[in-house]
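The values are calculated or read from the model by the stated rules, or taken from the named source; none is laboratory data. All figures in this text were calculated on a predicted structure; none of them were measured in a lab. As a convention, Cβ positions derive from the backbone with ideal geometry for all residues, glycine included, and neighbour counts pool all protein chains shown. Surface areas here come from the heavy atoms of the whole protein model, side chains and all, with no ligands, DNA or RNA. Shrake-Rupley method; radii C 1.70, N 1.55, O 1.52, S 1.80 Å.
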Amino acid sequence: MPTKLGLHVLRAAPDISEYIQAGAAVAKLVGEWGMAEDISEPTLVIGRVFQGDYDAQHQKAQGKTPLKAAQRFIKDQLEMYQFNPRIKYWEGHNEPVWNDEEGMGWYAQFEVERMRLMAERGLKCVIGNFATGTPPLALWPAFFPALQAARQYEAILGLHEYSCPWMWWMTGKHQ
């Protein structure tokens, strides 16, 4: 069975290319986008722009509609997308946290709009990008519109599932 493993590159190191060429299924690049040109098929290359405190919750709190927020998000990152044509999949907000159905519904619509706008540019999205243990199961139904649109736009659901010694470490009763 081929590997499903890959790497998350925050900073390039001399031996990363060897690891990727050994058969990494995916390479997620955060700020080291130039490496993408040296990564051959079939490795899936995902890009993410580090944004600091620029998050979806802040945009919603400012009263932006999901469409306006998605337009702004893409406008702010468009230059990165254009300068890195090998990267076809781009992540959205990093590890957003929503605590209610209304907020999660807003975020789902933001992701639907982002997928649509990115598709107009020939790009695809990694949606969600939720942190380990989130969102609570009760909020997933509010995110379903984004999951349904993901099929149409060939998007990928991003779940940042990492932790040690278990995947559920630092969540729920294990905090």
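Across the range 23-32, coupling constants 3J(HN,Hα) worked out from phi with the 6.51/-1.76/1.60 Karplus curve, θ = phi - 60°, read x, 5, 6, 9, 9, 9, 10, 10, x, 10 Hz, and Gly and Pro carry x. Phi angles across the range 95-109 convert, under the Karplus curve 6.51 cos²θ - 1.76 cosθ + 1.60 with θ = phi - 60°, into 3J(HN,Hα) values of 6, x, 10, 10, 10, 8, 4, 4, x, 5, x, 4, 5, 4, 5 Hz, Gly and Pro given as x. Sequentially through the range 13-21, phi angles give Karplus couplings (6.51, -1.76, 1.60; θ = phi - 60°) of 10, x, 9, 4, 4, 5, 4, 5, 5 Hz, Gly and Pro residues having no value and appearing as x. Inter-label distance, ARG151 to GLU102: 3.0 nm, where each label sits 7 Å from its Cα along the C-beta direction. For PRO135, the shell of other residues with beta-carbons less than 12 Å away shows a net charge of -3, using +1 for Lys and Arg and -1 for Asp and Glu. About its Cα centre, the range 1-102 has a charge dipole of approximately 280 debye under the convention of +1 per Lys or Arg Cβ and -1 per Asp or Glu Cβ, with nothing else charged.
Close amide H pairs (under 5 Å, H built 1.01 Å from N) link HIS8 with LYS28, residues at least 5 positions away or on another chain. Model label sites at TYR162 and SER40, defined 7 Å from Cα along the beta-carbon direction, differ in position by 2.7 nm. The modelled label-to-label distance for the pair LYS75/ARG116, using points 7 Å beyond Cα in the direction of Cβ, is 1.7 nm. In a reduced charge model with +1 at each Lys and Arg Cβ and -1 at each Asp and Glu Cβ, the range 78-165 shows a dipole moment near 440 debye about its Cα centre.
With an a/c value of 1.5 or above and a/b not larger than b/c for the gyration tensor axes a ≥ b ≥ c computed over the alpha-carbon atoms, the chain is described as oblate. Annotation: average projected area of the range 63-139 is 5.3 square nanometres, based on the convex hull of Cα atoms across all directions. Beta-bridge orientation, the chain: approximately 0 percent antiparallel, per DSSP, counting only bridges with both partners inside. About the centre of its Cα atoms, the chain shows a dipole size close to 320 debye [charges on the beta carbon of Lys, Arg (+1) and Asp, Glu (-1) only; nearest 20 debye]. All other residues whose Cβ lies under 12 angstrom from that of PHE110 are scored, Lys and Arg at +1 and Asp and Glu at -1, for a net of +3. Taking all protein chains as shown and a probe of 1.4 angstrom, GLU120 keeps an accessible surface of around 120 Å².
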